[in-house]
1. Expected output is a single nm value to one decimal: the length gained when fully extending between A107 and A55, i.e. 0.36 nm times separation in residues minus the C-alpha distance. What is it?
2. Over the chain, what is the relative contact order in percent, taking alpha-carbon pairs closer than 8 angstrom and at least six residues apart?
3. Taking square-rooted eigenvalues a ≥ b ≥ c of the alpha carbon gyration tensor, is region 42-82 rounded, prolate or oblate, where a/c under 1.5 means rounded and, failing that, a/b exceeding b/c means prolate?
4. Over region 79-210, calculate the relative contact order: mean separation of alpha carbon pairs under 8 Å at least 6 apart, over the residue count, as a percent.
5. Nearest 10 degrees is fine. How inclined is helix 47-65 to the longest principal axis of the chain, computing both from alpha carbons?
6. Sequence-distant or interchain residues sharing an amide H contact under 5 Å with R147, placed H: which?
7. For a label point 7 angstrom out from the Cα of L64 toward its Cβ, which stretches of region 200-243 have the backbone nitrogen within less than 17 Å?
8. Cα centroid distance between region 96-167 and region 46-84, in Å?
Amino acid sequence: MMGSLERWARALSPVLLLALTLGACGDTAPPAPEPTLRFTAIPDQNTTELIEKFAPLADHLGELLGVPVEYLPARDYQASVEMFKNGDAHLAWFGGLTGVQARQAVAGARAIAQGEADPKYFSYFIAHRDTGLEPSTDFPGAIAGYRFTFGSESSTSGRLMPEFFIREFGGAGPDEFFEEPPGFSGSHDKTIELVESGQYQVGAVNYKVYDKRVANGDTDPEVVRAIWSTPYYADYNWTAHPELEILFGAGFTQRLQDALISIDDPSLLAALPRNRLIVAENADFEGIRQVALELGMIR
């Protein structure tokens, strides 16, 4: 009888062991998914074009850093800031103003890289040829009598700094300076298109976007003229969220900065577009922050 019980117990023990093992597995939480570095950018160019250009950059950063990297398109300038504030994106290619707004909203956020030309950025004031306005080194005060459009309301090169120079050289804010209230096109490309169509006669635009459109044959400089270049100011930058250090470990932000600055492939930099990237820090954009405070665009 005892031998039969022993044989029964030995036969049953693997079943018990399997049951115990399955029970233990059921009580164990599944492993946490690997975090993904998600970045965004202000949509100052065609969104489809940006998605195509940023995908190779995401792949390149993923290889260098050893983490999954994904580009998240933003609906508009303010959406990119909200994505950063909410932690949906932990890295963003911002303009000067949007970068200031994002860093103001997220304690510990850092500007880590900028284009080589970004410390000396500028805007064009453009005019349709039918206005008769000609290029000049002096502020074109005659634009006050024409229909004028900015770009996005949150654009550094398409609104903030052009408005600052209108106030400085024109002696009044845009609503008082122009005979008709100015418009907001939403993007640099759209500003150029609206001036070209005659819906607006003058406007303010990022110089790189205008020059690229002229070089590509998308804009005729005889129809849409660049009549004035603003003084220099700081602009675009990569801004990093402080949660990067929590998600990927201490020192990751420095690794990310090094990875961005090391890029020398023109096809990757074309997404920005820049010839190369250099180190940036928050202090580089203090002038933008002061102007934004003056104009009530940040608190």
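1. Numbers: separation 52, 0.36 × 52 = 18.72 nm, distance 2.88 nm.
Length difference between fully extended and current span is 15.8 nm.
2. Details: 513 pairs, mean separation 75.8, N = 299.
Averaging sequence separation for qualifying contacts and normalising by length gives 25 percent for the chain.
3. Values: a/c = 3.64, a/b = 1.75, b/c = 2.08.
Oblate is the answer for region 42-82, as a/c is 1.5 or above yet b/c matches or exceeds a/b.
4. Working: 185 pairs, mean separation 38.0, N = 132.
Once divided by the residue count of region 79-210, the mean separation gives 29 percent.
5. 50
6. Those qualifying (amide H under 5 Å, at least 5 residues apart or on another chain) are Q201, V202.
7. 237-241
8. 24
Laboratory data are not the source of any read-out in this text; all were calculated from the coordinates shown. All values derive from a computational prediction rather than experimental measurement. When we count neighbours, we look across all protein chains shown, and the Cβ atoms used for this are built from the backbone with ideal geometry, even at glycine.
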